[in-house]
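Okay, so here's the structure we're looking at.
The values are calculated or read from the model by the stated rules, or taken from the named source; none is laboratory data. Computed from a predicted model, the values in this text were never measured in an experiment. Because the Cβ atoms are built from the backbone with ideal geometry, glycine has one as well, and the counts that use them run over all protein chains shown. Only protein heavy atoms, including side chains, enter the accessible area calculation; ligands, DNA and RNA are left aside. Shrake-Rupley method; radii C 1.70, N 1.55, O 1.52, S 1.80 Å.
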Amino acid sequence: MLNISKWLIIITVVFSATSLLAEEDGKVYGKGVTLEDTTQISDILATPDDYVGQRLMVKGRIVDVCKKRGCWMELAGDQEFQTLRIKVKDGEIVFPLQSRGKLALAEGVFEKIELSMEQTLQRMKHHAEEHGETFNAEEVKEPMTYYQLRGLGAVIFE
Amino acid sequence: MAFKWRKWNNILHRDIGYLAVGLTIIYAISGIAVNHIDQWNPNYVISQETIKIHIPENAKTGRIIDETTRQLNIEVPVESSFRPEPGRIRIFYTNQYTVDLNTKSGIGTIERVKERFLLYDFNFLHLNYAKKLWTYAADVYAVALLFLAVSGLFVLKGRKGFKGRGKWLTAIGIILPVIFLIIYK
């Protein structure tokens, strides 16, 4: 009869092998991706209002990730100087910080966020703190509007 | 023969308690760590340093990356790079370093990210980053904790049991969070 220590070894080996197999095609986050076609980030950013409310899948290099909670990541667009933020519910999906630079597919609902002046100040202050920048509230003159993909799932490739 | 419920209560409390020790320690340590997330980063140690790279005039992206890698003596492979805006480049090295550079002045930062020893893994389990089967394992643990809490009330008889001092201490334990709820909610 197998003793407890042997059982522990068997369980560890089986779990490790399963996780290695699962990660061969990229690591899945949340619900993964289900759509067949990707939409170019440059197309979305050219006429963002046309895409609001649509479920989209985008592809790009991860160029930034929320450092504390992993609750958002930014994907580089297919053209220079473009990025799209993928925001997920805190805790529902956690993007690892080490995934910066890796290729990813992300799926979600495209949305337009219109902030009040107070929310704009809060957001810019938080952004400045996160990036170690100085923040001057007097420089902010008008409320912010931005677009993001409300992420439902993603696949990050090694 | 009468069913000796207290004996079985104590046996189950003891053995389920042993099983729950590991995860309780993990959850408790992680709980403290993430409770203070506004004051620190419970998952990563992030160090940042200012750098100055000598970039040859009119150097293209490939050359800038090569020069940066060489001058900083970075030995891990380049994962990819990105131009956030004209005159700036971000270079990602596998799993560790990110360099953010002004391509005109050569001044920038190098950021090194390291998972906090053990704490990252504790948070991984506690905050259920894994999802999938771990969600159910954590549910089983939660039910076990519930059982331990209730069975713990009946471990001892008499003056030191629930009917003695136990009922008062239990009441304090319930009243305390209620007070905080009343104050803060």
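Scan the stretch B:36-59 residue by residue and report those that are open to solvent by 40 Å² or more (accessible area, probe 1.4 Å) and either within 13 Å of chain A (Cβ to nearest Cβ) or within 22 Å of B:Asn95 (Cβ to Cβ) (or both). Please lay out each step first, then the result.
First, the residues of the stretch B:36-59 that are open to solvent by 40 Å² or more (accessible area, probe 1.4 Å): B:36, B:38-40, B:45-50, B:52, B:54, B:57-58.
B:His36, B:Asp38, B:Gln39, B:Trp40, B:Val45, B:Ile46, B:Ser47, B:Gln48, B:Glu49, B:Thr50 - these are the residues of the stretch B:36-59 that are open to solvent by 40 Å² or more (accessible area, probe 1.4 Å) and either within 13 Å of chain A (Cβ to nearest Cβ) or within 22 Å of B:Asn95 (Cβ to Cβ) (or both).
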Per the list (1) assigned by TED's automatic domain parsing to the domain that holds B:Ser30; (2) open to solvent by less than 50 Å² (accessible area, probe 1.4 Å), residue check on B:Lys131 breaks on (2)
On the basis of being of a type outside the set (Lys, Arg), closer than 30 Å to B:Asn128 by Cβ and either in contact with a Cys (Cβ under 6 Å, 6 or more places away or on another chain) or within 14 Å of chain B (Cβ to nearest Cβ) (or both), does A:Gly91 make the cut? yes
Since B:Asn10 meets every condition but one in (1) open to solvent by less than 80 Å² (accessible area, probe 1.4 Å); (2) within 25 Å of A:Pro96 (Cβ to Cβ); (3) assigned by TED's automatic domain parsing to the domain that holds B:Leu146, which condition does it not meet? (2)
Of all the residues that make up the stretch B:88-111, how many are in a strand (DSSP E or B), within 11 Å of another protein chain (Cβ to nearest Cβ) and surrounded by fewer than 19 Cβ atoms within 10 Å (Cβ to Cβ)? 4
Could you count how many residues in the stretch A:98-148 are assigned to a loop (DSSP other than H, G, I, E, B) and within 14 Å of another protein chain (Cβ to nearest Cβ)? 6
Residues in the stretch A:47-64 that are farther than 16 Å from A:Val28 by Cβ and either at the interface with chain B (Cβ under 9 Å from one of its Cβ atoms) or modelled with pLDDT under 95 (or both): how many? 3
Could we say that A:Arg150 is of a type in the set (D, E, K, R), in contact with a Phe, Trp or Tyr (Cβ under 7 Å, 6 or more places away or on another chain) and modelled with pLDDT of 95 or more here? no
